[in-house]
């Protein structure tokens, strides 16, 4: 038998149950992996609360690292014993063992430990496509990063700063401001009540060409007001709740702005894109340009406590669940 955290109904952290489940078996094109660590991400909360739909009962989690135990028919580029990591759908990572499509797995470099591997894939690959593809940030530009002390935020700040980009980070308190500043944010704004005015002051009126916003409802309009004409609003998360329907005429009125809602699944749908994204991330981490900060660990069986801490904004950097 195997064990997993499952939900039988949507709701608060209390719906997360630690249960025995049958040991999965790999089919054609699949691999059975034994998890060494599982990543915690805010998207897990969206599935738990029902904001994102999944058939019940469901096992949450979209990211993990571990070792290949067995492979199914037709799998040629993985073998038992390989160290691997992955991120992205389908959900099912909150388990000691899982079966997943082999073409969604990437080999983890020996220089990266399992906890780091589980913590970095979803957040790190998200940061990679946001900076390299959604909006191709250039040296000398100034960008705005919300939740700058969070998992994706810390990686964005470090990576962008390494690229020669001027980073304005937005955080919720003074402790997080210190953390963001220590990780590449050149300017830090606490709260978003006067966000546009602060950005105008910092940029001497120029504003920014791109805003990376994972907060959602509470910051959406303020983020738009920070953009220079023809700027891009990248809304990639809903930590405060989903953005309500908008009048797209607002984009024209505020400077012919662009608005996008990207997802890692789209940017890594092709195996070649997945490998290129992961390898760019591995290079950034092994070179020291980006340091993955696993600031919290919880036993997988105590996933409810991890969700409680995440939703209360008590976490910084990355969090992993250990089976």
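The values are calculated or read from the model by the stated rules, or taken from the named source; none is laboratory data. If you're wondering where the values come from, they're calculated on a predicted model, not measured in any experiment. Ideal geometry is used to build each Cβ from the backbone, glycine not excepted, and the neighbour counts take in all protein chains shown.
Only a single item in (1) surrounded by fewer than 24 Cβ atoms within 10 Å (Cβ to Cβ); (2) modelled with pLDDT of 95 or more; (3) not in a helix (DSSP H, G or I) is not met by residue 90, and it is number (2). Restricting attention to the stretch 284-307, the residues that are in a helix (DSSP H, G or I) and either under 18 Å from the mean Cα position of the chain (by Cα) or buried (at least 21 other Cβ atoms within 10 Å of the Cβ) (or both) add up to 6. Considering the stretch 44-59, the residues that are closer than 22 Å to residue 120 by Cα and touching a residue at least 60 places away in the same chain (Cβ under 8 Å) include one that is farthest from the chain's Cα centre (by Cα), namely 48. Screening 51, 105, 56 for residues that are buried (at least 22 other Cβ atoms within 10 Å of the Cβ) and farther than 19 Å from residue 300 by Cα leaves exactly one candidate, 105.
Go through the stretch 128-142 and report how many residues are touching a residue at least 40 places away in the same chain (Cβ under 8 Å) and either part of a helix (DSSP H, G or I) or touching a helix residue (DSSP H, G or I) at 6+ places or on another chain (Cβ under 7 Å) (or both).
Taking the stretch 128-142 and keeping what is touching a residue at least 40 places away in the same chain (Cβ under 8 Å), we get 128-130, 132-135, 137, 141-142.
Now narrow it down to the ones that are either part of a helix (DSSP H, G or I) or touching a helix residue (DSSP H, G or I) at 6+ places or on another chain (Cβ under 7 Å) (or both): 128-130, 132-134, 137.
Selection size over the stretch 128-142: 7.
Residues of the stretch 2-48 that are in a helix (DSSP H, G or I), under 23 Å from residue 317 (Cα atoms) and either in contact with a helix residue (DSSP H, G or I) (Cβ under 9 Å, 6 or more places away or on another chain) or not assigned by TED's automatic domain parsing to the domain that holds residue 71 (or both): 13, 42, 43, 44, 45, 48.
For the stretch 68-87, which residues satisfy the criterion of being under 20 Å from residue 281 (Cα atoms) and either outside any loop (DSSP other than H, G, I, E, B) or out of contact with any strand residue (DSSP E or B) (no Cβ under 8 Å at 6 or more places or on another chain) (or both)?
If the condition is that a residue be under 20 Å from residue 281 (Cα atoms) and either outside any loop (DSSP other than H, G, I, E, B) or out of contact with any strand residue (DSSP E or B) (no Cβ under 8 Å at 6 or more places or on another chain) (or both), then 83, 84, 85, 86, 87 are the ones that fit.
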